[in-house]
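Structure record follows, encoded as structure tokens.
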Amino acid sequence: MLQSYYHEELLEAGCDEAGRGSLAGPVFAAAVILPKNFFHPLLNDSKLVTEEHRYELRPIIEQQAIAYAVANLCNKQIDKINILRASFKSMHLAIKQLDPVPQLLLIDGNRFTIFNKIPHKCVIQGDGIYASIAAASILAKTYRDDYMKELHHKYPRYNWAQNKGYATKEHQEALDKYGPCKYHRNSFRLNYNDLELFEQTIG
């Protein structure tokens, strides 16, 4: 069962990103402040929740959250500042939109750059530990998936409606055949034959 909070008295925002390991498209981030008593039996790390359940959870999170926000940085910005910094910046953009301002940030992962002097705690695999981070993972994932499905209509040859821009064999073969388009990240291209690296990226 997910933990409802890290600190009982502070107003916490869970933060997570989606699309960090993708070959194309933006990186999305979400920040969510949940009520301390929020509970939903389906809520978990977005990677462990079915697509159907992710979209079932999204309006529930949005309706019951004290505050939430979603932001993104495009592939051009990712190429300019690198994916790690882009992930942090997209989280900053989401946090900046929150009202009320959180007193503590719970960050999925092991690194973060401080934002507006708000204290933060990095939690490895936090989207499977804290409800607010799990909620942020659901929002970031579904908003990014919707974005990639829209891009699919412009560039169906890469089948982003299914792979969402990640390094599937089909996506790599399309890159080999057609080359990249303007939404691909020039700074990040994986070899799908490297199974260990591939599994880490899509995991």
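The values are calculated or read from the model by the stated rules, or taken from the named source; none is laboratory data. Keep in mind that what you see is a predicted model, and the values were worked out from it rather than measured. Note that each Cβ is placed from the backbone with ideal geometry, even for glycine, and that neighbours are counted across all protein chains shown. Note: areas computed on protein heavy atoms with side chains; ligands, DNA, RNA excluded. Shrake-Rupley method; radii C 1.70, N 1.55, O 1.52, S 1.80 Å.
Tabulated data
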| quantity | calculated |
| --- | --- |
| Hits in the stretch 155-178 - residues which are in contact (Cβ under 8 Å) with a residue 24 or more places away in the chain and out of contact with any Leu (no Cβ under 8 Å at 6 or more places or on another chain) | Tyr155, Lys164, Thr168 |
| Residue tally, condition open to solvent by 70 Å² or more (accessible area, probe 1.4 Å) and part of a loop (DSSP other than H, G, I, E, B), over the stretch 8-52 | 8 |
| Matching residues, the stretch 59-75, being surrounded by fewer than 18 Cβ atoms within 10 Å (Cβ to Cβ) and either touching a helix residue (DSSP H, G or I) at 6+ places or on another chain (Cβ under 6 Å) or under 18 Å from Gly21 (Cβ atoms) (or both) | Cys74 |
| Qualifying residue in the stretch 77-100 (condition: over 20 Å from Glu8 (Cα atoms), open to solvent by less than 80 Å² (accessible area, probe 1.4 Å), small (Gly, Ala, Ser) and touching a Pro at 6+ places or on another chain (Cβ under 9 Å)) | yes |
| Flag for Ala24 being aliphatic (A, V, I, L, M) and either free of Cβ contacts under 8 Å to residues at least 40 places away in the same chain or closer than 15 Å to Asp127 by Cα (or both) | no |
| The stretch 102-118, residues that are open to solvent by 40 Å² or more (accessible area, probe 1.4 Å) and without any contact (Cβ under 8 Å) to a residue 40 or more places away in the chain | Asn110, Arg111, Thr113, Ile114, Asn116, Lys117 |
| Some residue of the stretch 145-153 being within 15 Å of Lys47 (Cβ to Cβ), part of a helix (DSSP H, G or I), open to solvent by less than 30 Å² (accessible area, probe 1.4 Å) and in contact with a Ser or Thr (Cβ under 9 Å, 6 or more places away or on another chain) | no |
